[in-house]
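Report on one structure; see the data block that follows.
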Amino acid sequence: MRECATAIPDVVQSSEPQGSIDLEVEIPPIRPPGSDSLRRVAAIDIGTNSTHLLIAGIDPDLRSFSVLLAEKSTTRLGERDSDTGDLSAEAMARTRLVLRHCCELARSHGVEQIVAVATSAMREAPNGLAFLASLREELSLAVEVISGPEEARLIYLGVLSGMDFGDRPHTILDIGGGSTELILADAREARALTSTRVGAVRLQRDFVRTDPLPRQRVEFLKAFILGSLEPAVDKVQRRLQPGEEPLMVATSGTALAAAALLAAEARGEGDSRPDGRGEKEKRPLPAGDRLHGRVVSRQQLDDLIERVLPLTPAQRRALPGINDRRSEILVPGLLVLQAAMQQLGAPAFTVSERALREGLIVDWMLRNGLIVDRFAYQSEIRRRTVLHQAQKFAVDIPRSERIAGHALALFDQTRGSFHQAPTEARELLWAAALLHRCGLHINMSGYHKHAWYLIRNGELLGYSQSEQLLIASLARYHRRSLPKKRHESWILLDRDQKRLVERLSLLLRLAVAMDRRPQSTIGALQASFREGELLLELQPVEAGDDLGLELWSLETCAPVLRDAAGVTLKAGLVRA
């Protein structure tokens with residue numbers, strides 16, 4: 001999307017903080033015009049290999065953003081205990097140090113929000129949630145762990161923000177430390193979002209015993225990568241229309257490293273041959289010689305890999321534009337890139353310097369109504385993914401939408417009195433109302449518990465992990481018993497989430513109680529809360545219709561409201 005594109009900043013290599021972290025800082029050459037009126041938001045991406053910080057200046061009038069500052073630190077969070085799978089103490093210490101720096105830097109820029117996510121390393125580690133809790137406690141930083149498909153969606157948004165797809169579909173490849181995301185998308189939608197547990201750090205850790213790799217080991221590794229990527233590639237190819245030939249876009253450190261090496265060779269600054277010429281002093285790319293948009297052919301990549309494979313670790317570290325940490329995982333990453341191009345039949349790929357962190361900014365703008373037009377489809381991702389899940393579990397969607405209407409009316413009319421929920425919680429209540437009966441797909445008995453499980457473990461794209469947990473909990477407590485300390489669904493919530501669930505689940509409970517018949521009977525409702533009394537007045541669809549069943553059903557909720565919130569419930573018909 002051209003309106004979100006920005007001048008790509010220069011790269012400055014800084015010294016390593018405390019010896020073990022490689023830091024790359026990108027500083028824009030000039031401050032964007034009119035920046036005093038910009039809304040500043042920070043995005044932090046905690047990956048398996050690196051932690052990225054991006055501070056964006058968002059122009060609410062132009063509905064675009066520019067990169068004010070970007071940093072990348074090699075934190076290697078993916079280093080884990082070989083016996084337990086836990087994140088190592090050293091990896092957590094490195095990451096905590098960098099995140100402290102990121103938070104201080106972001107706040108010094110006056111950002112209104114820090115959006116932070118973690119990917120595969122945190123998803124898989126048994127002690128990942130405990131580490132997240134410590135970050136919240138020590139740094140006041142809320143980090144969301146996102147699923148692989150959600151990571152792919154955000155990467156798509158980031159790439160689309162800096163690249164015009166036109167009318168042609170694109171395949172997007174992002175090779176991370178612990179996973180590889182492959183996406184089929186066009187300017188309107190992402191048709192396939194896949195995530196495979198194969199990444200540069202993971203492959204280095206599991207397969208590299210001697211360096212350089214013997215040829216036999218290289219062939220084994222290639223076969224493993226091809227087999228791992230096959231399901232994702234198959235899904236992408238099945239989503240292509242007859243005659244479509246997508247263009248390939250590659251992002252991530254591996255793709256950028258390959259492009260940087262080829263650019264350095266083209267300038268005659270040393271090459272990747274093991275003849276000593278690669279020992280020249282490394283220099284950053286000249287100003288204006290950027291990697292974004294650079295095209296690399298499959299033949300160029302194949303030749304580059306053949307030149308890199310025989311290099312020793314010291315020779316790889318001497319390559320232009322390759323830092324020490326990148327040199328360790330360069331070969332596995334390049335082999336993943338090569339395998340993907342081979343399976344997709346891609347003759348070349350275009351480099352994108354935008355990926356997940358920019359996608360977080362775009363997603364924030366979508367959620368806050370600051371992007372329209374070209375991204376209108378994407379802004380509906382939440383609604384579509386909820387409806388998809390509802391259809392999947394055979395939910396009566398018209399009836400659930402009717403219940404959602406009642407719940408939202410209660411939310412709007414009692415906000416600031418009965419509850420103090422933020423505006424964004426309204427969308428979570430809507431989603432819970434749409435999905436509260438999905439547990440019937442498993443069993444009528446205890447279906448609210450089944451609904452919690454299905455929502456909690458489903459793929460709700462566009463929702464963070466904590467938001468998905470809130471939706472599941474609202475559905476869980478719309479009927480039967482109130483939350484109890486022993487409930488898993490209650491234990492997983494933090495204090496603020498519990499407050500939301502305590503009040504909003506009561507609204508959903510009332511909305512469900514008002515819809516006891518297959519057909520619509522309530523035309524409108526009025527709700528007010530004053531001095532501990534919640535008054536509900538119902539108006540029938542047709543004047544004179546009997547709403548006795550609905551009023552009786554609401555009366556059965558009165559003891560629950562009294563026990564849960566000390567509230568007296570009164571329900572009747574709208575006064576003439």
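Here, each number is a calculation from the coordinates, and none is a lab measurement. For clarity, every value in this text was computed on a predicted model and none was experimentally measured. Backbone-built Cβ (ideal geometry, glycine too); neighbour counts: all protein chains shown.
Report relative contact order for the chain in percent, whole number only (criteria: Cα-Cα under 8 Å, sequence separation at least 6).
Working: 1071 pairs, mean separation 63.5, N = 576.
Contact order relative to length: 11 percent.
Principal axis extents for the range 387-443, Cα atoms only, whole Å, descending order, please.
Computed over the range 387-443, the largest-to-smallest principal extents equal 37, 19, 16 Å.
Pairing the Cα long axis of helix 397-414 with the longest principal axis of the chain, what angle in degrees results, from 0 to 90 and rounded to the nearest 10?
Orientation of helix 397-414: about 80 degrees from the principal axis.
May I ask you to evaluate 6.51 cos²θ - 1.76 cosθ + 1.60, the Karplus curve with θ = phi - 60°, for each residue of the range 543-556 and list the ³J(HN,Hα) values in order in whole Hz, giving x for glycine and proline?
Values per residue, Gly and Pro as x: 4, x, 5, 7, 10, x, 5, 5, 5, 5, 4, 5, 4, 5 Hz.
Would you pull out the residues with amide H under 5 Å of residue 48's amide H, same chain only if 5 or more places away, H placed 1.01 Å from N?
Here the answer is 120, 121, 177, 178, since their amide H atoms fall under 5 Å of that of residue 48.
Show me, for the range 427-439, the HN-Hα J-couplings you get by feeding each phi into the Karplus relation (A = 6.51, B = -1.76, C = 1.60, θ = phi - 60°), rounded to Hz, glycine and proline as x.
5, 5, 5, 4, 4, 5, 5, 5, 10, 4, 9, 5, x
What's the percent breakdown of Cα-Cα distances in the range 154-273 across 10 Å bins, shortest bin first?
Percent of Cα pairs in each bin: 12, 35, 34, 18, 2.
What nm distance separates the two modelled labels at residue 543 and residue 482, each placed 7 Å from Cα along Cα→Cβ?
4.1
Considering only DSSP beta bridges where both residues belong to the chain, give the percentage that are antiparallel (nearest 5).
On the way: 51 of 75 bridges.
Antiparallel bridges: around 70 percent, rounded to the nearest 5.
Based on Cβ point charges of +1 for Lys and Arg and -1 for Asp and Glu, what charge dipole magnitude is obtained for the chain about its Cα centre, in debye rounded to the nearest 20? Could the numbers behind the result be given before it?
Working: 74 positive and 75 negative charges, 229 e Å.
Using Cβ point charges on Lys, Arg, Asp and Glu, the chain gives about 1100 debye.
At what distance in nm do the modelled label points of residue 100 and residue 417 sit from each other, each positioned 7 Å from its Cα along Cα→Cβ?
4.9
How high is the relative contact order of the range 44-178, in percent, with contacts defined as C-alpha pairs under 8 Å that are six or more residues apart? Intermediate values should be presented prior to the final figure.
Values: 184 pairs, mean separation 34.4, N = 135.
Result for the range 44-178 is 25 percent.
Long-range amide H contacts for residue 86: which residues qualify at under 5 Å (H placed 1.01 Å from N, peptide plane, sequence gap of 5 or more or a different chain)?
Here 81 satisfy the definition.
Using the 2.2 N^0.38 Å rule of thumb for compact globular proteins, work out how the range 324-421 stacks up: its C-alpha Rg over that value, please. Don't skip to the end; give the middle numbers.
Details: Rg = 22.1 Å, N = 98, 2.2 N^0.38 = 12.6 Å.
Compared with the compact-globule rule of thumb, the range 324-421 sits at 1.76.
Taking 0.36 nm per residue of sequence separation and subtracting the Cα-Cα distance, how much length would be gained by fully extending the chain between residue 267 and residue 388, in nm to one decimal?
Separation in residues times 0.36 nm, less the Cα-Cα distance, equals 38.5 nm.
Can you give the direction-averaged projected area of the convex hull of the alpha-carbon atoms in the range 381-520, in nm²?
Values: hull surface 31.2 nm².
About 7.8 nm², averaged over all directions.
Measuring from label point to label point, each 7 Å out along Cα→Cβ, what is the residue 136 to residue 397 span in nm?
Inter-label distance under the simple model: 3.4 nm.
Which value at 222 nm does the chain reach when only helices count, each DSSP H run of 4 or more adding -39,500 (n - 2.57), with the total divided by all residues and rounded to the nearest 500 deg cm²/dmol? Provide the component values of the computation, followed by the final result.
Working: 21 runs with 253 residues, N = 576.
So the helix-based figure for the chain works out to -13500 deg cm²/dmol.
Got a sec to turn the phi values of the range 164-172 into Karplus ³J(HN,Hα) couplings, 6.51 cos²θ - 1.76 cosθ + 1.60 with θ = phi - 60°, whole Hz, x for Gly and Pro?
8, 7, x, 9, 10, x, 10, 9, 10
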